[in-house]
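Before any comments, here is the structure.
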Amino acid sequence: MEILKKNGSGTFNALKSTGRFELPSSAWPSGVNKWTKANKNIFPRFYFCARSDHEWTDCWSKVNNTTTCIPGCTPNVGTCDCQWADSNNFAVRPNNFDFNIAGASPYKAGVGYSVTFSAKDYTNANTTDYNETIPVTPLETKAGCITGIFDTNLSNLQFENGTKVIPSLSYSEVGVINIKMQETSGLEFANVDASDTPDSERYITPYDQNWTYTPDHFSLASTF
């Protein structure tokens, strides 16, 4: 099996010379192979021999990521024994959005904090090749509190390899601010899977947490 990008060959190939392609097959390659990058449109390609009395190695040879038809005929054409078949297209997306702020909650109003927004993979690492623009929505949750502003526009965060760093982010008021980072319906990374994958499995898990801001200090001035 070879995993391909929609617009060309990928770098992952799990083929091994272990016999005919059969489902199920005791000779199927063992072990775990992982696609470690975000990609909106890829598909697996299966290589096999058309003749049931031939081993896989009678038809195909594999060197690194290149698979070659040994008989020299054109695969999938005429009586050529070299055959391949593709699956449907699908996306490989980050698992969830997350953030890290250099400071302890509650945060101080007016103080700039270094903030890192992340798109994490299943191992909690930043997702390579995830370079999307995602909106972050802040909402004041405490009745009676004045709605302040962040000194950096959060409406469109541009990720690079699964991360976005804001060196200094401050909020102008006190309160409890709900911060929500989620994909926009219709623009989700795995939109290619919309016809056969439920939303709960297709969308990147949102970041949805409250940030609490308190005064930095109190002061008293008087005139006698």
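The values are calculated or read from the model by the stated rules, or taken from the named source; none is laboratory data. A quick note: this is a predicted structure, and the numbers were derived from the prediction, not measured. Every residue, glycine among them, receives a Cβ derived from its backbone with ideal geometry; neighbour counts consider all protein chains shown.
Take the residues in the range 46-63 that are in contact with a strand residue (DSSP E or B) (Cβ under 8 Å, 6 or more places away or on another chain) and assigned to a loop (DSSP other than H, G, I, E, B), then tell me which one is modelled with the lowest pLDDT.
E55
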Quiz item: Before we move on, is T141 loosely packed, with under 14 Cβ neighbours inside 10 Å and farther than 17 Å from Q209 by Cα?
Solution: no
Exercise. Return only the number of the condition from (1) more than 24 Å from I42 (Cβ to Cβ); (2) not in a strand (DSSP E or B) that I177 does not satisfy.
Key: (2)
Quiz prompt | Residues being surrounded by fewer than 13 Cβ atoms within 10 Å (Cβ to Cβ) and farther than 18 Å from N161 by Cβ - total across the range 105-136 | solution = 1
